[in-house]
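All remarks here apply to the structure that follows.
The values are calculated or read from the model by the stated rules, or taken from the named source; none is laboratory data. This one's a predicted model, so the numbers in the text were calculated from it and none came from an experiment. Every residue, glycine as well, gets a Cβ built from its backbone with ideal geometry; the counts of neighbours run over all protein chains shown.
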Amino acid sequence: MRLEKMYLILHSYELIALLWIAIFVFSLPKIWTAAAIGMTQHLLLDSFTNPLTSLAYFMTFRIYKGFRLKSIIKRKRHYGRA
């Protein structure tokens, strides 16, 4: 069985932005700031190390593409082949 769709609901720049906005607007406790820092770091490291397209971490892009894995994963390169 091959994976055709990928739903990473919490891996989203939009959700991280909403979390940061909520922290500042509602003056949430420091634990929320700590969680937001950790989530932001995690998402940034994922975006630089995982083989996904640059837009793959935007939820709106994944929704637009129907969460299809082939639409968000980078193509494998075959070095040395024509």
Give the number of residues within region 59-82 that are of a type outside the set (A, V, I, L, M), exposed (fewer than 12 other Cβ atoms within 10 Å of the Cβ) and at pLDDT 90 or above.
4
Just for region 1-37: of the residues that are hydrophobic (A, V, I, L, M, F, W, C) and closer than 21 Å to I73 by Cα, which one is modelled with the lowest pLDDT?
M1
For region 53-61, does any single residue satisfy the condition of being assigned to a helix (DSSP H, G or I), under 10 Å from the mean Cα position of the chain (by Cα) and not hydrophobic (A, V, I, L, M, F, W, C)?
no
Select, from L28, L19, L8, L55, the only residue that is surrounded by 10 or more Cβ atoms within 10 Å (Cβ to Cβ) and either among the polar types (S, T, N, Q) or without any contact (Cβ under 8 Å) to a residue 12 or more places away in the chain (or both).
L28
